[in-house]
2 protein chains.
Amino acid sequence: MISILEVPKKYLNTMAAGISLKELALELKLAPSTVSRALNDSYEISEETKKKVIRMAEKLNYHPNQFARSLRENKSKTIAVIIPERINNFFAQVMDGIEEIAQEQGYHLLVYNTHEDVDREKKIVNLLLNGRADAVVMSVSSQTSDISHLQKLYERGLPLLFFDRICAEIPTTKFITNDYESAYDGTKHLIQQGCKKIAFLMISKELSITKERYRGYLDAINEAGLTAEPTMSLNCCMSEEENIKLISDMLWSDNRPDGIMASVEKLALATYQAVKRTKIRIPEDLKIISFSNTAIAGLLNPSLTTITQPALTIGQECAKLLIGKLTKPKHYDLINQVITIPSKITIRSSTVAE
Amino acid sequence: MISILEVPKKYLNTMAAGISLKELALELKLAPSTVSRALNDSYEISEETKKKVIRMAEKLNYHPNQFARSLRENKSKTIAVIIPERINNFFAQVMDGIEEIAQEQGYHLLVYNTHEDVDREKKIVNLLLNGRADAVVMSVSSQTSDISHLQKLYERGLPLLFFDRICAEIPTTKFITNDYESAYDGTKHLIQQGCKKIAFLMISKELSITKERYRGYLDAINEAGLTAEPTMSLNCCMSEEENIKLISDMLWSDNRPDGIMASVEKLALATYQAVKRTKIRIPEDLKIISFSNTAIAGLLNPSLTTITQPALTIGQECAKLLIGKLTKPKHYDLINQVITIPSKITIRSSTVAE
DNA sequence: TTAAAATACGGAAACGATTGCGAAATAATG
DNA sequence: CATTATTTCGCAATCGTTTCCGTATTTTAA
């Protein structure tokens, strides 16, 4: 005799793989449709039946198959996130922001790292074309010039959002920080501290953030009556070693800068490494400011003046808008606009001689 | 007249949402089964037909629906990764390692951050019970003592793997570094540098890594004839501010240590912050060594002696084993064992007085 | 008391792919 | 030429849900 509280033997072996709705219905002597409705708390089902169904579902450890559900409903409650780099405080914080909202709303995150490689980016985007995710939020790689793959993704109809390194050609919403103003203010700060020859360090000329930050840098320089020498804008690469060498060469040259605006954190750190191999003193001989989201700028030697992006907020806003669009398509729209959230400059020892 | 190179009008509106196999078959005047086999390069289909099908699939921009496929095949080519913290160099590197192998093998990654919170961990694990992923690799949160949710996940039959912070009770494969030896060697190094009273900093007594590293620390101390005072083992928490205060209190006390073994990076950094508020000099008055995977240990003030874990390798090995198990279940087995990959100690200024 | 409305549930189709089986048409064999 | 293999493809079931209908039973209204 099988007690009602025991799991029937016939299910014991299949339990590992999970029980289906149909089997659950069979056990309850109900139709699958009824069980489905009961579990989804439909008004068509009596409270009594609901209780029974829910209890049995728990007893048999029932979990609805997500693929069947996704197939039927044509949505997966999954968002794909594509970033160019993972070992990076900015992107990690953005991810945390996205995930915070996603978890609240019951959304899952597929995460992809392109390693700043367009080819990888294209492969990943093509993979996403089959509808594994309901939406995509991304920051393009530094090598992305051809954007046909992004165009295709956009035309596929998936809600698509950009942040930080955006793709202007795609008519959707983008979240960035006030790149121009921050770079302008940061450069101005260097000038106020006495810098006459300021170098601009970048990882790629093509990047949206590079262009904007460079524009801010240029305007500040010109406004101060200084001249922006071509040799002072240094286009770096992916290899840390090479970057250190490039920066070293600049520091050893006769025409060396007395100030540096690093458009990304890694280049400021490369500069620190390069400086270590010289007699140059920071901030006395060289002042440095950098876009950076590291928590330990204050522990560096010397502590680093930073332009900190609102990374967490950017992530949260991306997720809010995207999930809003997914859950209430009528109320939200991914219109072609750039939303700017300001950065914060924190002045530390690397720019002020005591 | 519709040219063969044009997309028939009737599909133009549905193209955004994607075309189905059935529609593709209709257009080709073939049965869905034939089209499916053609696309999957079945021997049953003539080369001629295959060409036609593939060309038409490309023309109509066909992409197979992953949910239908997953439902039918009962697998999703997706691996779930659960980590306790994202803004953390170690975990970021592990993730990169996992993703490297996963991308090679065409696997996707669902990533979850528990923020060191057991309740979140439980929710996430329960979400995974419905088969969204084919396998799970995780590092448990520092607050995890009740492991019933992990047990349930394991019993569900999903291949499950642990790394770094492992759960000994679950009989599966775990990847860690040589926590005991590294802590032993690191502590011994402090002793050799003259430390007599060494403090051990941890984030949770329950963690596997804490226990092992503490054991190594203790053995090194006892072996050297020193005594391990209870006040010298400091159990820190999640809040950076509180940790700095805890460490500050220790540093200001009469009974202050002359050496510190930090079992995780964030506690070494908190120590640096705390030291900044005192007159204490590193390494003259206090020497510090820490488990850490930061790339800028050399840029800290002073540069930090580190025990660096093989994070990337750990990630790669996890992914290799897991995907091996998924693709060739007969050849791979997740036997109950702990695989150890050694760390590397890099001695810097924080432990050697010049 | 009878018609209308509300309640509670079952049957069956649908989502989009894969695959076992059957069956033509063609090729190979005796 | 008759028979058997081989090639090439179609039919239909299946995976596990959800949901549109239909219907029997009960309740409410007239």
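Can B:Gly225 be described as free of Cβ contacts under 8 Å to residues at least 60 places away in the same chain and at positive phi?
Answer is yes for this residue.
Whether any residue in the stretch A:176-196 is open to solvent by 10 Å² or more (accessible area, probe 1.4 Å) and among the hydroxyl-bearing types (Ser, Thr, Tyr) is what I want to check.
So far as the stretch A:176-196 goes, yes, one or more of its residues are open to solvent by 10 Å² or more (accessible area, probe 1.4 Å) and among the hydroxyl-bearing types (Ser, Thr, Tyr).
Restricting the search to the stretch B:244-274, which residues are crowded, with 23+ Cβ neighbours inside 10 Å, in contact with a Ser or Thr (Cβ under 7 Å, 6 or more places away or on another chain) and part of a loop (DSSP other than H, G, I, E, B)?
B:Ser263
Quick check: is even one residue across the stretch B:173-196 part of a loop (DSSP other than H, G, I, E, B) and more than 24 Å from B:Thr306 (Cβ to Cβ)?
Yes; the residues of the stretch B:173-196 include at least one that is part of a loop (DSSP other than H, G, I, E, B) and more than 24 Å from B:Thr306 (Cβ to Cβ).
More than 11 Å from chain B (Cβ to nearest Cβ) and either part of a loop (DSSP other than H, G, I, E, B) or free of Cβ contacts under 8 Å to residues at least 40 places away in the same chain (or both): does that describe A:Gln103?
no
Can you say whether B:Leu127 is without any contact (Cβ under 8 Å) to a residue 12 or more places away in the chain and facing chain A (nearest Cβ under 8 Å), as far as the supplied structure shows?
In short, yes.
Which helices (runs of 4 or more DSSP H) does the stretch B:30-87 wholly contain that include 3 or more residues that are crowded, with 18+ Cβ neighbours inside 10 Å and within 9 Å of chain A (Cβ to nearest Cβ)?
Per the criteria, B:66-73.
Can you confirm whether A:Ile170 is surrounded by fewer than 22 Cβ atoms within 10 Å (Cβ to Cβ), modelled with pLDDT of 95 or more and part of a loop (DSSP other than H, G, I, E, B)?
Taking the combined requirement at face value, the residue satisfies it.
Can you tell me which residues in the stretch B:286-328 are modelled with pLDDT of 95 or more, away from every other protein chain (no Cβ under 12 Å), part of a loop (DSSP other than H, G, I, E, B) and open to solvent by 10 Å² or more (accessible area, probe 1.4 Å)?
B:Gln309, B:Pro310
Go through (1) touching a residue at least 12 places away in the same chain (Cβ under 8 Å); (2) closer than 28 Å to B:Ala268 by Cβ; (3) part of a helix (DSSP H, G or I) and name the single condition A:Glu241 misses.
(1)
Which of the residues belonging to the stretch B:197-210 are open to solvent by 50 Å² or more (accessible area, probe 1.4 Å) and either in a helix (DSSP H, G or I) or not basic (Lys, Arg) (or both)?
Selection gives B:Glu206 alone.
If you go through the stretch A:142-158 one residue at a time, how many are open to solvent by less than 60 Å² (accessible area, probe 1.4 Å), within 14 Å of another protein chain (Cβ to nearest Cβ) and among the small types (Gly, Ala, Ser)?
Final tally of qualifying residues: 1.
The values are calculated or read from the model by the stated rules, or taken from the named source; none is laboratory data. Since the structure is predicted, the reported quantities are computational estimates derived from the model, not experimental observations. Positions of Cβ are generated from backbone atoms using ideal geometry, with glycine treated the same way; all protein chains shown enter the neighbour counts. Accessible surface is based on the protein model in full, side chains and every heavy atom, while ligands, DNA and RNA are left aside. Shrake-Rupley method; radii C 1.70, N 1.55, O 1.52, S 1.80 Å.
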